[in-house]
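Single-structure report; data block below.
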Amino acid sequence: YRHLVAPGIVIGLACVVGGAWFAGYAVPVGGMLAVLVVATVGVLILGIPINVAFVVGPLVAIVGTRVTSPVIIPIQLNEITTKTLFIALPFFIWIGLILASSGVTLRLTRLMQLLVGRMRGGFYQVILLSMFVFSGMSGSKFADMTAVGTPLEPMLDEMHGERREAAAVISASAVMGETIPPSIALIILGSVTSVSIAGLFVGGILPAVLMAVVLMAVNYVRARKRGVEAIRIPLDRNAVRTILAALPALAIPVVIAGGIVGRLASPTEVSALAVVYGLALALVGYRAGIASVWE
């Protein structure tokens, strides 16, 4: 019977609110936010799925305060489902997973190793810069951490890194992905407000750069206190090959940010183009194979 308790309470709540509506009772408009929060949190605590709770909470608040007609909820839901902008979200996650499974990020990581591996705490600086660059491709922290963390395992022993420290750096640097184009959070924010997504992307780059600089400085100070030496990486023919191999992948964040910020295409169109380019790059450019891309 415990499985019937939560739905029963929600149905009872709906009956009480509905009865108050027909009886003409209403909560003052000033208390609408309190009703919204209490109803939504209460339904969530009962174990009701979050998508249902986010409908029940506003419905209770609207009906309880009589501020407008409850018909506004299905109208808004219908408008949301017709927005093609949300198609961009799975595309941006997909491009990150494609690059992670096809070994593209390993080439990017090797390039970052050439750029910042010579600094103190070089391995952790590589993680930070790799997370910064890869955040400009996927827009998903999950995809970022998967793509960067997986290929770094063989480099961990090679550059004398510590697993706990590496995990901490990856977790901390994932926050940058919230403001780096194409951030899923910024896309959703722009879709539910009147703020331009291109404007959000432009405004989000500077905070991300600031976070990256501060995190790299913290890494440097920690490495210096612990006596971690820089990694000496020779600049030879292999280094040139590493740079050339990573350049095609570096075009992805340029295309994504440039296309959206420059208003050359919508986020949905840019995300679809990025997926097509990523598939071609993985299958043809890097010969990853169908199996890895299918995964």
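The values are calculated or read from the model by the stated rules, or taken from the named source; none is laboratory data. None of these values were measured; they are calculated from a predicted model. With ideal geometry, Cβ positions are generated from the backbone for all residues, glycine too; neighbour counts draw on all protein chains shown. Areas reflect the complete protein model, heavy atoms only, side chains present, ligands, DNA and RNA absent. Shrake-Rupley method; radii C 1.70, N 1.55, O 1.52, S 1.80 Å.
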(message) Only helices at least 18 Å long along their own axis, judged from Cα atoms, and with Kyte-Doolittle mean hydropathy of -0.5 or greater: name those in the chain from DSSP H.
(response) 2-23, 32-45, 50-65, 88-101, 104-116, 122-138, 141-158, 197-225, 237-261, 267-280
(message) Loop-only trypsin sites (Lys or Arg not before Pro) in region 237-295, please: DSSP not H, G, I, E or B, and at most 16 other Cβ atoms within 10 Å.
(response) Arg263, Arg287
(request) Pick out, in residue order, every one of the trypsin sites (Lys or Arg not before Pro) in region 181-232 that is DSSP loop and has at most 13 other C-beta atoms within 10 Å; say none if there are none. (result) Arg226, Arg232
(message) Eigenvalues of the Cα gyration tensor times 5, then square-rooted: what semi-axes does that give for the chain, in whole angstrom, largest first?
(response) 46, 22, 18
(request) Could you work out the relative contact order of region 156-295, using alpha carbon pairs under 8 angstrom and six or more residues apart, expressed as a whole percent? (result) 19
(request) State log₁₀ I(q)/I(0) for region 99-211 at q = 0.09, 0.14, 0.17 Å⁻¹ as given by the Debye formula over alpha-carbon point scatterers of equal weight, solvent excluded. (result) -0.24, -0.55, -0.77
(request) Give the longest segment of the chain that steers clear of chymotrypsin sites (Phe, Trp or Tyr not before Pro) in DSSP loops with at most 13 neighbouring Cβ atoms within 10 Å, not counting the sites themselves. (result) 26-295
(request) Could you tell me what percent of the accessible area of the chain is made up of carbon and sulfur, with a 1.4 Å probe and every protein chain present? (result) 71
(message) Averaged across orientations, what area in nm² does the convex hull of the alpha carbons in region 71-133 project?
(response) 6.3
(request) Calculate the translational D of region 28-144 in whole µm² s⁻¹ from Stokes-Einstein, where the hydrodynamic radius comes from the Kirkwood formula applied to all Cα pairs, the temperature is 10 °C and the viscosity 1.306 mPa s. (result) 88
(message) Under a Cβ-only charge scheme (Lys and Arg +1, Asp and Glu -1), can you give me the dipole magnitude of the chain about the Cα centre, in debye to the nearest 20?
(response) 560
(message) Below 8 Å, C-alpha to C-alpha, sequence gap of six or more: please give me the relative contact order for the chain in percent.
(response) 21
(request) Please work out the average accessible area per residue across region 252-295, using the 1.4 Å probe convention, and give it in Å². (result) 57
(request) Please calculate the 1.4 Å probe accessible area of Met119, with all protein chains present, and give it to the nearest 10 Å². (result) 70
(request) Could you quote the convex hull projected area for region 35-99, Cα atoms only and averaged over all directions, in nm²? (result) 5.8
(message) In Å and on Cα atoms, what radius of gyration and Dmax does region 1-68 show?
(response) 11.9, 38
(request) Please quote Rg/Rh for region 162-295 to two decimal places, taking the Kirkwood radius as Rh and restricting both calculations to Cα atoms. (result) 1.03
(request) Choose one answer from Gly64, Gly177, Gly136: the residue with the largest mean-square fluctuation in a GNM of the chain with alpha-carbon springs under 10 Å. (result) Gly64
